[in-house]
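Input: a single structure, listed below in structure tokens.
The values are calculated or read from the model by the stated rules, or taken from the named source; none is laboratory data. This structure is a prediction, so every number in the text was calculated from the model and none was measured. Cβ: placed from backbone, ideal geometry, glycine included. Neighbour counts: every protein chain shown. Heavy atoms of the whole protein, side chains included, go into the accessibility calculation; ligands, DNA and RNA do not. Shrake-Rupley method; radii C 1.70, N 1.55, O 1.52, S 1.80 Å.
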Amino acid sequence: MQKEPRISYVPLDSMDEPMREEMHRCAREGTPRPESSAVRAHAPNAFWAFTDSWKALFHGGVCDHAIKELCRVYISRTVKCEFCGNQRSIKAAAGGLSEQQYDELLNFEKSPKYDDRQRAALSYAEAIAWRLDPDDAFWERLHRHFSQAELVELGCFIALTFGQQSWIRLLGIDHHQYLAGTPASMAPGFEDAEAAAAAKAREDYWAAG
């Protein structure tokens, strides 16, 4: 039985035209999917603040998108936000990021699936998420791989992601509950509600336990 979200979804016919256009974009393209946006729509200022920030920091900017996508899902795995962790960026996949590169994010330092630049970015996400107090070598590593502009953008993006996903985890929302019918930006095996339920029931499901 489908649970009601802790904060309700705003009906599409209660939104103004620009907001409805963005909701249809979420359903068509994902990242974010429409459910989280339909909750934010209760406060239009929050809706547009997140939408505009996400567009600028995740889809645009100076740092490569695939790096940001890895950091986004690292945060999902860290805070166990299933809603966010079961989404994928179409743009990152088109740029060459493989599904296998999501598998070992919490073991990124030892995994051969990531290059040195990706590991450095993930160490940045780790330090932010776990409130680490890194040494000079940590910062030397980051400055070796990223410009100062990239570090600012990536830090702001990780912070936005960490805060939003920590909140979204509490809401009890799930995919295919609002403007359902599209698999846009869903991880393999989560393309519809039935497939997602089967994937979550597997013993090796990433958020199990």
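Observations on the model:
- Exactly one residue out of T182, T161 is surrounded by 17 or more Cβ atoms within 10 Å (Cβ to Cβ) and at pLDDT below 95, and it is T182.
- Residue under evaluation E35, criteria (1) of a type outside the set (A, V, I, L, M, F, W, C); (2) open to solvent by less than 20 Å² (accessible area, probe 1.4 Å); (3) over 23 Å from A121 (Cβ atoms); (4) not in a helix (DSSP H, G or I), criterion not met: (4)
- Scanning segment 77-100 for residues that are within 22 Å of A27 (Cβ to Cβ) and open to solvent by less than 40 Å² (accessible area, probe 1.4 Å) gives C81, F83, C84, G85, N86, Q87, R88, S89, A92.
- Scanning segment 106-133 for residues that are free of Cβ contacts under 8 Å to residues at least 40 places away in the same chain, farther than 13 Å from K68 by Cα and assigned to a helix (DSSP H, G or I) yields L106, N107, D116, A127, I128.
A quick yes/no check of all residues on (1) farther than 30 Å from A193 by Cβ; (2) out of contact with any Phe, Trp or Tyr (no Cβ under 6 Å at 6 or more places or on another chain); (3) acidic (D, E):
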| residue | (1), (2), (3) |
| --- | --- |
| E82 | no, yes, yes |
| Q87 | no, yes, no |
| L106 | no, yes, no |
| R119 | yes, no, no |
| S123 | yes, yes, no |
| L132 | yes, yes, no |
| W139 | yes, yes, no |
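- Condition met for W54 (in contact with a Pro (Cβ under 8 Å, 6 or more places away or on another chain) and open to solvent by 10 Å² or more (accessible area, probe 1.4 Å)): yes
- Segment 93-124: number of residues that are closer than 18 Å to L154 by Cα and in contact with a Leu (Cβ under 8 Å, 6 or more places away or on another chain): 10
- Residue count for segment 57-76 satisfying the condition of being buried (at least 19 other Cβ atoms within 10 Å of the Cβ) and part of a helix (DSSP H, G or I): 13.
- Of the helices (runs of 4 or more DSSP H) entirely within segment 134-203, those holding at least 2 residues that are under 18 Å from I75 (Cα atoms) and without any contact (Cβ under 8 Å) to a residue 60 or more places away in the chain occupy 148-171.
- If you go through segment 123-158 and keep only what is aliphatic (A, V, I, L, M) and open to solvent by 40 Å² or more (accessible area, probe 1.4 Å), you end up with I128, L132, A137, A149, V152.
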